[in-house]
Every structure is written in C-alpha cells, then in structure tokens.
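The values are calculated or read from the model by the stated rules, or taken from the named source; none is laboratory data. A quick note: this is a predicted structure, and the numbers were derived from the prediction, not measured. No Cβ is skipped: glycine too gets one built from the backbone with ideal geometry, and neighbour counts run over all protein chains shown. For accessibility, only protein heavy atoms count, side chains too; no ligands or nucleic acids. Shrake-Rupley method; radii C 1.70, N 1.55, O 1.52, S 1.80 Å.
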Amino acid sequence: MFDLIVQIIAVTGVLGVAFLMFAENVFPPLPSEVIMPLAGFAAARGDFSLTLLVAAGTLGAVAGAWVWYEVGRRVGLDRLRRWSAVHGRWFTLAPEDIDGAAKVFDRLGGPAVMIGRLIPTVRTFISIPAGVTGMGMGRFLAWTTAGTAAFTFALAYAGYRLEAHYDRVEAWLNPVTAFVLVAAVAAYLYRLVAFRRRLRKGDDDV
C-alpha cells in the first residue's frame, strides 16, 4: 500500500499533490496527514524537490480553504446551516460543525484562521466564519497561507526524513499506511452514518 501510493504521487508529481490537497480541503476522507508525508518520501527519492512540493501542497490546500471562504461569504451563516442540515452529510458538515468553527473564530479573530488550519476537522471549516463575517480576502489568504504552509511543511518534512531510515521501518510502513487510510475512510463513513443522529442531538440541545 505504501509503495503503491508513493508511486502514484511520483507519477502525478506536484500537480497531483496540489489536486489531492485541494480535494482534501473540500471533500473528505483522504487526509493531508497521509498525502504530504508520502509526497515528502517521494521528494526524498528525487522525484521532485521538497520546496516545490511544499509550495504545491500549500497552494492546493489554500485553494480548498478559499472555496469554503467563498461559500461563507456568498451564502451566509443561517442559509449554510439550513443547507448543511439537509445536504451536509456527504461533506460530514453538520450545523454544529459550522457553529463550532464560528465560536473559535469569534474568540480569536484573524489568528483563528491560522491556528484552525493546524487542527483536524476545524481546519476544513474555519474558513466559513471568515467569509461570513466579511474578513477581507487579502487578510484571509495571509492567515490561511501562514497556517497551511507550516502544517504542510511539517508533514512533508517528516516524510522526507523518513526516507533515510526506510530500511529500518520498511516492515511496518505498509501496514501502518493501510491502517491510516482504512481508519480515515472508516471515520468518514461513521460520520456519514451518524449524521442524522448528530442533527437530532443538535436539535435537542437547542
């Protein structure tokens, strides 16, 4: 599994990494915690440079974050909450996810965008309240890029450093990679199945 994914990334190059990072920010379940370390491993083998990889991964992730920013800016919080209650299951986006991201943004303001980009789940939806509240595009992109670049570099560099020790960890890389992918898909399916229960719980709490 590990070698197969690395080969796919090597063939598609940094454009493939940018696309995967964009898709990961818009539609789960393939996580960046899998994409970027494996891409970093491919960079260490000489398939492309680490600098170019981090730039491509950051660009793709920021583009995905911008999509949710525009959704928040154009749709608004109330309409988005109503939409998520009906159609949000495919993105595992429930009204409570939107409310949680909005609360983080209300407490921290602009830095919440940067910090939120470092936190799983929040990372995807922190862009929504930024758009809803009318944060300027330049300011939003600056905060988002700062957090995304740091996160992307850390993951890519971890994979880059791993390549030097491949002979020591080869025996457990494949099962660990397979486990992470299966766990990510399982978590997505669980959130999908539990979506209506989450909605009912949210209604009861109101």
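Tell me which helices (runs of 4 or more DSSP H) are completely within region 90-152 and hold 1 or more residues being open to solvent by 10 Å² or more (accessible area, probe 1.4 Å) and polar (S, T, N, Q), or say none if there are none.
122-125
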Worksheet, complete the sentence: Exactly one of LEU38, LEU30, LEU4 is at pLDDT 80 or above and under 28 Å from ALA158 (Cβ atoms), and that one is LEU38
Response to the item:
Sole miss for GLY159 among (1) of a type outside the set (Val, Ile, Thr); (2) at pLDDT 75 or above; (3) surrounded by fewer than 18 Cβ atoms within 10 Å (Cβ to Cβ) is condition (3)
Discussion item. Just checking: which of the helices (runs of 4 or more DSSP H) contained wholly in region 1-76 hold 3 or more residues that are open to solvent by 10 Å² or more (accessible area, probe 1.4 Å) and without any contact (Cβ under 8 Å) to a residue 40 or more places away in the chain?
Written reply: 2-26, 50-75
